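**Q** Take this structure first; my questions come after.
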Amino acid sequence: MPTVEELSRVLAALCTPVPPAGPDMCAVCHAWSPPGRSMCTACACVRAQVSRPCPRVVPVTLCVARSPLNRCLRAYKDDAEPEARWGGAVVVAALLARFLHDHAACLAGDHGPWDFLTTVPSSEGRPGRHPLERAVSLVPWLARRHRRVLAPGTLTLARRVAGDDGFEVVAPVRRRRIVVVDDVLATGARAQSAASALALAGATVVAVVPLARMVAGPGAPSFETAAWAAWSRRQSFRWDTCCAHGTGEAASS
Ligand SMILES: [Zn+2]
Ligand SMILES: [Zn+2]
C-alpha cells in the first residue's frame, strides 16, 4: 500500500487549485460570485436558511462534472463494484489526509488549533456508516482526529434546502473547535446545515472543508463557465498552498 504522500503526489494531477479570496470570488466558498456580489448564489441562498453558517469554506480542489475526479467521488459512494468503491475511497482518503495535514493551520484561521474533524452524515437514507467516514478510517492519522457527532435531523435537506434541523448533534461539542469535512460541495446546503447545528450546540466550526467544490456544471451562469475555463487552463495544482494559505495563526507565527 503506497503512503498518503506518494498517492497524493500522483493524485494532484486530478485536482484544480481553488482561487484565493479576491474581488470576483465568493467570500465564503471561493467559487466565482456574480459581478458586484461578495457571495456566490449558492452561499447566499443557503446562508439565508441557517442561523449559524460557517463563514469559512476551504475546498481542497475545484471539480467539474464528468471529470476523472468527479467519477472517483461518485464511485466511492455508489459504484456497484466493490473494487471501484475501494479505489475511490483510497483517492478520497489520500487527498483529504494530505490536505488536512499540510494545511491544518490555514484551516484554523483566527481560532487556533482545531480539536477534531467530523464528517457530514448521509441524509439520503443510505444505511450504515457514510462512505466518507469509511474513507477517513483508512488513514490512521485521519481516523484518530475524527469524531462522529452528527446524525440526520428532522428536516429533509435538498440542493437548495438547508436548515438548523437538518442534523442533530449526538455527542458533546460545547467549546470544541471543529472542522466539518464533506466530499462534494455543490450548494453547501448539507455542510452549512451541519455547521449551524454544531454552532447552535456550542461548538466553534473553524472551517468547512469539502474535498471538491463543484463549479461550471450544467446550467451554471456564463460568468462562472468563462472564469473556470480561463482559470483551469492557467493553473496547476500544488500541495504547498491552498485558498486560505497563510491565514492561520500558526502559519504566521
Ligand atoms: Zn459561495
Ligand atoms: Zn494552506
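What follows draws every value from the coordinates through simple rules; no lab data is involved. A quick note: this is a predicted structure, and the numbers were derived from the prediction, not measured. Because the Cβ atoms are built from the backbone with ideal geometry, glycine has one as well, and the counts that use them run over all protein chains shown.
**Q** Quote to one decimal, in nm, the extra length available between M1 and A44 on full extension: 0.36 nm per residue of separation minus the C-alpha distance between them.
**A** 11.2 nm
**Q** What list of ³J(HN,Hα) couplings, whole Hz, do you get for region 77-92 from phi and the Karplus terms 6.51, -1.76, 1.60, once you set θ to phi - 60° and write x for glycine and proline?
**A** Calculated HN-Hα couplings, in order: 9, 10, 5, 5, 8, x, 5, 5, 5, 5, x, x, 5, 5, 4, 4 Hz.
**Q** Enumerate by residue number the trypsin sites (Lys or Arg not before Pro) in region 154-253 meeting two conditions: DSSP loop (anything except H, G, I, E, B), and at most 10 other Cβ atoms within 10 Å of the site's Cβ. Display every interim value, and only then the final one.
**A** Details: sites: R159, R160, R174, R175, R176, R177, R190, R213, R233, R234, R238; in loops: R159, R160, R174, R175, R176, R238.
Here the trypsin sites (Lys or Arg not before Pro) that fit, given the DSSP loop and packing criteria, are R174, R175, R238.
**Q** Expressed in nm to one decimal, what extension gain is obtained for the pair A151 and L200 from 0.36 nm per residue of sequence separation less their Cα-Cα distance?
**A** 16.2 nm
**Q** Which value results when the Cα radius of gyration for region 7-57 is divided by 2.2 N^0.38 Å?
**A** The value comes to 1.39.
**Q** Can you bin region 144-240 into rounded, prolate or oblate? Criterion: square roots of the alpha carbon gyration tensor eigenvalues sorted a ≥ b ≥ c, rounded for a/c under 1.5, prolate for a/b above b/c, oblate for the rest.
**A** It is oblate, given that a/c is not under 1.5 and a/b is not larger than b/c.
**Q** When the Cα atoms of the chain are enclosed in a convex hull and the volume is divided per residue, what value in Å³ results?
**A** So the per-residue Cα hull volume is 124 Å³.
**Q** Next question, about the same structure. When the Karplus curve 6.51 cos²θ - 1.76 cosθ + 1.60 is applied with θ = phi - 60°, which whole-Hz ³J(HN,Hα) does each residue of region 159-168 get, with x for Gly and Pro?
**A** For region 159-168, the Karplus-derived couplings read 3, 10, 10, 10, x, 5, 9, x, 9, 10 Hz, x marking Gly and Pro.
**Q** For L62, enumerate residues with amide H under 5 Å from its amide H, sequence gap 5+ or separate chain, H modeled in the peptide plane.
**A** T16, V18, R213
**Q** What residues qualify as long-range amide H neighbours of A27, i.e. H under 5 Å apart, gap of 5 or more or another chain, H built at 1.01 Å from N?
**A** M39, C40
**Q** What 222 nm value per residue comes from the helices of the chain, counting each DSSP H run with n ≥ 4 as -39,500 (n - 2.57) and dividing by all residues, nearest 500 deg cm²/dmol?
**A** Working: 10 runs with 92 residues, N = 253.
It lands at -10500 deg cm²/dmol.
**Q** Here is a further query. Distance from the Cα centre of region 230-244 to that of region 121-180, in angstrom?
**A** Computed from Cα coordinates, the inter-centre distance equals 28 Å.
**Q** Shifting gears a bit: Loop only per DSSP, at most 11 neighbouring Cβ atoms within 10 Å: give me the trypsin sites (Lys or Arg not before Pro) in region 45-103, ordered by residue number.
**A** Within region 45-103, the qualifying trypsin sites (Lys or Arg not before Pro) (loop, at most 11 other Cβ atoms within 10 Å) are R66.
**Q** In the neighborhood of G202, defined by Cβ-to-Cβ distances under 13 Å, what is the net charge if each Lys or Arg adds +1 and each Asp or Glu adds -1?
**A** Details: positive: R52, R174, R175, R176, R177; negative: D115.
Summing Lys and Arg as +1 and Asp and Glu as -1 gives +4.
**Q** Under the 0.36 nm per residue contour assumption, what length would be gained going from the current alpha-carbon distance of S222 and H101 to full extension?
**A** Gain on extension, S222 to H101, equals 40.0 nm.
**Q** Now for a different question. Using DSSP, restrict attention to beta bridges with both residues in region 9-238 and report what percent are antiparallel, rounded to the nearest 5.
**A** On the way: 6 of 23 bridges.
Counting DSSP beta bridges with both partners in region 9-238, the antiparallel share is about 25 percent.
**Q** Excluding W86 itself, calculate the net charge of residues whose Cβ lies under 10 Å from the Cβ of W86, where each Lys or Arg counts +1 and each Asp or Glu counts -1.
**A** Once positives and negatives cancel, what remains is -1.
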